[in-house]
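Only one structure is covered here, and it is reproduced in the block below.
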Amino acid sequence: MSAKSKKETRSTGVTLEVPVLNYLTELACREERNRSYFINRIVREHAERNGTPLAPATTPALAPLQES
């Protein structure tokens, strides 16, 4: 049985312009992802282009205990 990595997240409220929200919703439906995925991806790409790459949000899974 493999352990899954856990992604550290926090919920936040943002106000989006209607055309931006419509675009995100269309993109999410087309690619079968959620809007949060694309917001995170866009912000990460922007940060990287501007010289501030962000650390991964995924924490490594703990190795399963080995039985003796």
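The values are calculated or read from the model by the stated rules, or taken from the named source; none is laboratory data. Since the model is a prediction, treat every value here as computed from it, not as a measurement. Note: ideal-geometry Cβ built from the backbone for every residue, glycine included; neighbour counts use all protein chains shown. What goes into the accessible areas is simple: the full protein's heavy atoms, side chains included, and nothing from ligands, DNA or RNA. Shrake-Rupley method; radii C 1.70, N 1.55, O 1.52, S 1.80 Å.
If packing is taken as the mean number of other Cβ atoms within 10 Å per residue, what is the order of 40-50, 8-18, highest first? Please list the in-between numbers first.
Details: 40-50: 11.5, 8-18: 7.2.
Put in order of decreasing packing, that is 40-50, 8-18.
Specify the angular offset, from 0 to 90 degrees and rounded to the nearest 10, of the alpha carbon long axis of helix 18-31 from the longest principal axis of the alpha carbons in the chain.
For 18-31 against the chain, the angle is about 40 degrees.
Given the chain, what whole percent of its Cα pairs are spread farther than 14 Å? Don't skip to the end; give the middle numbers.
On the way: 1651 of 2278 pairs.
The share of Cα pairs beyond 14 Å in the chain comes to 72 percent.
On full extension of the chain, what length is gained from N40 through L16, given 0.36 nm per residue of separation minus the C-alpha to C-alpha distance? Present the calculation step by step, with values, prior to reporting the outcome.
Details: separation 24, 0.36 × 24 = 8.64 nm, distance 1.43 nm.
Separation in residues times 0.36 nm, less the Cα-Cα distance, equals 7.2 nm.
Could you give the angle, 0 to 90 degrees to the nearest 10, between helix 35-49's Cα long axis and the longest principal axis of the Cα atoms of the chain?
Rounded to the nearest ten degrees, it is 90.
Compute the accessible area per residue over the range 17-62, keeping the other protein chains in place, probe 1.4 Å, unit Å².
Working: 3880 Å² over 46 residues.
Averaged over the residues of the range 17-62, the accessible area is 84 Å².
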